[in-house]
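A.B. asks: To start, I am sharing the structure in question, which I have written as structure tokens.
The values are calculated or read from the model by the stated rules, or taken from the named source; none is laboratory data. Note that the structure is a prediction, hence the values are computed from the model and not measured. All Cβ positions, even for glycine, are placed from backbone atoms using ideal geometry, and neighbour counts span all protein chains on display. Accessible surface areas use protein heavy atoms only, side chains included; no ligands, DNA or RNA. Shrake-Rupley method; radii C 1.70, N 1.55, O 1.52, S 1.80 Å.
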Amino acid sequence: VGAIILASDGIYNEGSNPIYSDYQFEAPLYTVALGDTTPTKDLKIDRVLHNRIAYQGDKFTIRVDYSATNCNGSSSMLNVKHAGSGANLFTEKIKIDKDRDFGSKEVILDADKEGVQQYRISLSPVGEESNTSNNYRSIYVEVLEGRQKVLLVANSPHPDLTALKKSIENGRNYEAEVKFINDKDINLNECDLLVLHGLPSKTHAAKEWIDAAKSKKLPIWFILSSQSNLGGFNQVQNLVDVTSSGNSTNVVGANTLSNFNLFTIESEVLQALEALPPLTAPFGKYAGSPTAQNLILQNIGDVETDYPLLTLEQSSDYKTAVLAGEGIWRWRMYDYREDKNFETVDGLVSKIVQYLVVKNDKRQFRVIVAKNLFTENENVGFDAELYNDSYELVNGPEVELSVKDEEGKEYKFTFSKTSNAYVLDAGILPVGAYSYFGKTNYNGNAYNSSGRFTVKALELEALQTTANHQLLYALSDKYNGKMVNVAGLAALADQIASSDAVKPVMYNSFQTKEVINLKWIFFLLVILLSIEWFVRKFSGGY
């Protein structure tokens, strides 16, 4: 390669500044400067900052940053509309009093409708703008049904409660509330998971709360402490049975099991859990249920046991978990001391909570879209699962999918089969909101599954329209080339041809072969010898 030519307007809209990147070019870089560097009258939205997720019933804030060039003395209207309903949610007048002006506005909106919501932000044009496409911006916010609520009920104050609350609330989809057994305002109707710390205890059986949770099929996470009543604990759950004759405790370490399969735990996380400080567990003999899935077993000193420390199960109508020890606050402090974050412990707690609160999906057929929001340059992907009556994955029948846009245009697809399920790559779809409907027939029964997703525009090219030739000049200078404009494009070939980097190079190559491989020489020798023999024989030389 003797030269690299980059023809551009010098505007980059993604990634870092190319001046500060170290490209490993093996030839000079020549740039051709395109576009117009003259600033024109232009009012534009530079960027919009917002949360991608909001919760139904909450408020969320978006910040609109804008700039104006050669618009002194003008005014514009900032509007925010809901793209689906067309409702105008916010309007404010903006005054521009400089040739180069910048500003920012914060808008507070209500997340009142579940699903992916599109909002259209606009600045009305000022005068004769040459480019009005950058006066508009669309954003997408996924509004979730609401944070799932975790209720921690304890026998008495304990540092574990604060540690658990912080770990739970670090998961964006959860909020936690701490109550004590004597509180009068405990309400199980408003929670999705009940965590009982030290309950049932020696002073409070908590049976009414446990029975109420079971009747509502509310998942329960039991955490044993020195205050736990082990007899009462054995009566209210069937996951772990503890036999003890006293009030003694053991200091127990963690022995993680790699064959745990209720949710995924990375191997490095399992190793990190084993390094955490020991917990304090009630002394006794522990026996787990046949349906129990043990994640962590107890190490008593240097002795590995089969006593469960953290175990979960999924066989009953409601899910149950048991942590057979207190002192999780030490885990969190140790995690921060070692890594300056709480990722190991908070990640474990988040996975436990997520497993417990997620309702089991017993549908025999389901179509799953990879995510709810795609950009216009992304392929839209689907998965499908079909289960028989024994709830085993099968993929015998064909599965069809219909995708419709807002105008009713329909795209039809057929899933490809994997080893035991289905997969589909629908490719790139135009910007807009879509609904999908999948169907199949199995053993004489018809099954279907539906949902929605949205494809959003990138809208990057319209943000900056004034050419940046200084960037092109700096790039060509950095990589030993030159910048030319369109008028000098014809002379660029001569400049490159005169460069030392593209001088012709002569190469010599040598190749040798053994004479024995040249068959024509062999046959020539045979013919000559034959002629000699014939002449001698004919002339009587023999």
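A.B. asks: Just to verify a result, which residue in the range 22-52, among those that are closer than 30 Å to residue 105 by Cα and of a type in the set (A, V, I, L, M, F, W, C), is most open to solvent (accessible area, probe 1.4 Å)?
C.D. replies: The qualifying residue most open to solvent (accessible area, probe 1.4 Å) is 49.
A.B. asks: Could you check the range 55-76 and list, in sequence order, the residues that are open to solvent by less than 70 Å² (accessible area, probe 1.4 Å), part of a strand (DSSP E or B) and over 14 Å from residue 139 (Cβ atoms)?
C.D. replies: 55, 66, 67, 68, 69, 75, 76
A.B. asks: Tell me yes or no: at least one residue of the range 313-326 is assigned to a helix (DSSP H, G or I) and either in contact (Cβ under 8 Å) with a residue 12 or more places away in the chain or acidic (Asp, Glu) (or both).
C.D. replies: Within the range 313-326 (the criterion being assigned to a helix (DSSP H, G or I) and either in contact (Cβ under 8 Å) with a residue 12 or more places away in the chain or acidic (Asp, Glu) (or both)), the answer is no, since none of the residues qualifies.
A.B. asks: To continue, here is another question. So which residues in the range 242-276 are open to solvent by less than 70 Å² (accessible area, probe 1.4 Å) and part of a strand (DSSP E or B)?
C.D. replies: Within the range 242-276, 242, 249, 250, 252, 253, 254, 255, 256 meet the criteria.
A.B. asks: Yes or no: the range 161-179 includes at least one residue that is in contact with an Asp or Glu (Cβ under 9 Å, 6 or more places away or on another chain), of a type in the set (A, V, I, L, M) and either surrounded by fewer than 16 Cβ atoms within 10 Å (Cβ to Cβ) or in a helix (DSSP H, G or I) (or both).
C.D. replies: The answer is yes, given that some residue of the range 161-179 is in contact with an Asp or Glu (Cβ under 9 Å, 6 or more places away or on another chain), of a type in the set (A, V, I, L, M) and either surrounded by fewer than 16 Cβ atoms within 10 Å (Cβ to Cβ) or in a helix (DSSP H, G or I) (or both).
A.B. asks: Is there a residue being over 30 Å from residue 128 (Cα atoms), open to solvent by less than 60 Å² (accessible area, probe 1.4 Å) and touching a strand residue (DSSP E or B) at 6+ places or on another chain (Cβ under 9 Å) anywhere in the range 2-21?
C.D. replies: yes
A.B. asks: Taking into account only those residues within the range 209-231 that are among the aromatic types (Phe, Trp, Tyr) and open to solvent by less than 10 Å² (accessible area, probe 1.4 Å), which is nearest to residue 169 (Cα to Cα)?
C.D. replies: This residue is 221.
A.B. asks: When both residues are 6+ apart or on different chains and their Cβ atoms are under 7 Å apart, which pairs have a first residue that lies in the range 247-266 and is in contact (Cβ under 8 Å) with a residue 60 or more places away in the chain, and a second that is open to solvent by less than 30 Å² (accessible area, probe 1.4 Å) and in a loop (DSSP other than H, G, I, E, B)?
C.D. replies: 252/325
A.B. asks: Related question: Of all residues in the range 180-208 being at pLDDT below 90 and polar (S, T, N, Q), which is least open to solvent (accessible area, probe 1.4 Å)?
C.D. replies: 187
A.B. asks: Looking only at the range 398-441, how many residues end up being open to solvent by less than 50 Å² (accessible area, probe 1.4 Å) and either β-branched (Val, Ile, Thr) or within 30 Å of residue 117 (Cα to Cα) (or both)?
C.D. replies: Result for the range 398-441: 21.
A.B. asks: Looking for something basic (Lys, Arg), closer than 30 Å to residue 38 by Cα and open to solvent by 70 Å² or more (accessible area, probe 1.4 Å) - is there at least one such residue anywhere in the range 117-140?
C.D. replies: yes
A.B. asks: I've got another one for you. I'd like to verify a number: residues in the range 532-542 that are modelled with pLDDT of 85 or more and either open to solvent by 100 Å² or more (accessible area, probe 1.4 Å) or within 60 Å of the chain's Cα centre (by Cα) (or both), how many?
C.D. replies: Counting residues in the range 532-542 that are modelled with pLDDT of 85 or more and either open to solvent by 100 Å² or more (accessible area, probe 1.4 Å) or within 60 Å of the chain's Cα centre (by Cα) (or both) gives 3.
A.B. asks: Would a scan of the range 277-290 turn up a residue that is part of a loop (DSSP other than H, G, I, E, B), among the polar types (S, T, N, Q), at pLDDT below 95 and exposed (fewer than 13 other Cβ atoms within 10 Å of the Cβ)?
C.D. replies: no
A.B. asks: Which residue is modelled with the highest pLDDT, if the candidates are limited to the range 387-413 and must be in contact with a Gly (Cβ under 9 Å, 6 or more places away or on another chain) and assigned to a loop (DSSP other than H, G, I, E, B)?
C.D. replies: Checking each candidate, the answer is 399.
Quick grid of which residues meet (1) closer than 16 Å to residue 32 by Cβ; (2) part of a helix (DSSP H, G or I); (3) open to solvent by 70 Å² or more (accessible area, probe 1.4 Å):
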| position | (1), (2), (3) |
| --- | --- |
| 467 | yes, no, no |
| 470 | yes, yes, yes |
| 475 | yes, yes, no |
| 490 | yes, no, yes |
| 504 | no, no, yes |
| 511 | no, no, yes |
| 522 | no, yes, yes |
| 530 | no, yes, no |
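A.B. asks: Can you pull out every residue in the range 386-397 that is open to solvent by 50 Å² or more (accessible area, probe 1.4 Å) and on the phi < 0 side of the Ramachandran plot?
C.D. replies: Within the range 386-397, 389, 390, 392, 393, 396 qualify.
A.B. asks: Would you pick out the residues in the range 345-383 that are modelled with pLDDT of 90 or more, among the hydrophobic types (A, V, I, L, M, F, W, C) and either part of a loop (DSSP other than H, G, I, E, B) or more than 20 Å from the chain's Cα centre (by Cα) (or both)?
C.D. replies: Correct list: 345, 356, 365, 380.
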